[in-house]
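Single-structure report; data block below.
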Amino acid sequence: MSLHTRHRALIGLAAGLYAILSFSIAVLPAIEAQKTPALAGITAPSDDIALGRALYLQEGCGYCHTQFVRDLPVDSHYGRGSLPGDYALEDPPLLGTQRTGPDLSNVGVRQPSEVWNLIHLYNPRAVVATSVMPGYPWLFRETTTAEPDDVVVSVPEKFKPEGKTIVATKEAIHLVRYLESLKQVEVK
């Protein structure tokens, strides 16, 4: 009797092959990746940055932005190619799958301005006319009078309601702190 007529043996062989391939292609590399040490200069995030990262996840920023620079000439303006040690302290790593917006793995170096980032979060077209990113106005308060400890965002007049002052919430500040923390370390 040949293998193709012995259904139990054929299913057992297929299941065994599937298990072996799954273990060798997915499980073993994942175990090895867990052993990867962080690159020198990478530190654990502060509480503000961790809150910003949680908001980044909550708002779905990773649907349009990657945090993985491919080692290709087309990606060189984002920074150096990403290395496993870049993600050793992240759980889970936020690599992303689509690059509708720019890669953010080194955005803290490319765009370190808190003011620019806050304006961009409130209304992206206020700083990049062709941006397709949605604004996040719920991360801000519109008020007629700012308190002394408020972080006032200098949004251009044509992008805010008349007579209103835009004030960043704690959440907006946390998200910007997270974005500013995204910096690749030098590798020798």
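The values are calculated or read from the model by the stated rules, or taken from the named source; none is laboratory data. Quick caveat, the model's predicted, so the values are computed rather than measured. Note that each Cβ is placed from the backbone with ideal geometry, even for glycine, and that neighbours are counted across all protein chains shown. The protein model used for the area step is the full one, side chains on, heavy atoms only, and it has no ligands, DNA or RNA in it. Shrake-Rupley method; radii C 1.70, N 1.55, O 1.52, S 1.80 Å.
Filter the stretch 1-19 for residues that are open to solvent by less than 80 Å² (accessible area, probe 1.4 Å) and not hydrophobic (A, V, I, L, M, F, W, C) and give the result.
Of everything in the stretch 1-19, those that are open to solvent by less than 80 Å² (accessible area, probe 1.4 Å) and not hydrophobic (A, V, I, L, M, F, W, C) turn out to be Ser2, Thr5, Gly12, Gly16.
Restricting the first member to the stretch 146-159 and to residues that are more than 16 Å from Val115 (Cβ to Cβ), and the second to residues that are of a type outside the set (Val, Ile, Thr), the beta-carbon pairs closer than 9 Å and six or more apart or on different chains are Lys158/Ala126.
When the stretch 31-49 is examined, which residues are found to be in a helix (DSSP H, G or I) and open to solvent by 50 Å² or more (accessible area, probe 1.4 Å)?
Correct list: Ile31, Glu32, Ala33, Gln34, Asp47, Asp48.
Tell me the residue from Thr169, Thr165, Thr145 that is more than 22 Å from Asp47 (Cβ to Cβ), open to solvent by less than 50 Å² (accessible area, probe 1.4 Å), more than 16 Å from the chain's Cα centre (by Cα) and among the β-branched types (Val, Ile, Thr), please. None of the others qualify; the one that does is Thr165.
Cβ-Cβ contacts under 9 Å between residues 6 or more apart (or on different chains), taken from a first residue in the stretch 111-132 that is over 18 Å from Tyr78 (Cα atoms) to a second residue that is in a helix (DSSP H, G or I) and open to solvent by 80 Å² or more (accessible area, probe 1.4 Å), are listed as Glu114/Arg177; Ala126/Lys158. Looking across the stretch 52-96, the residues that are of a type outside the set (A, V, I, L, M), farther than 25 Å from Glu171 by Cα and loosely packed, with under 15 Cβ neighbours inside 10 Å come down to Arg70, Asp71, Pro73, Ser76, His77, Pro84. Looking at this structure, is Gly101 more than 26 Å from Asp47 (Cα to Cα), without any contact (Cβ under 8 Å) to a residue 60 or more places away in the chain and open to solvent by less than 40 Å² (accessible area, probe 1.4 Å)? Yes.
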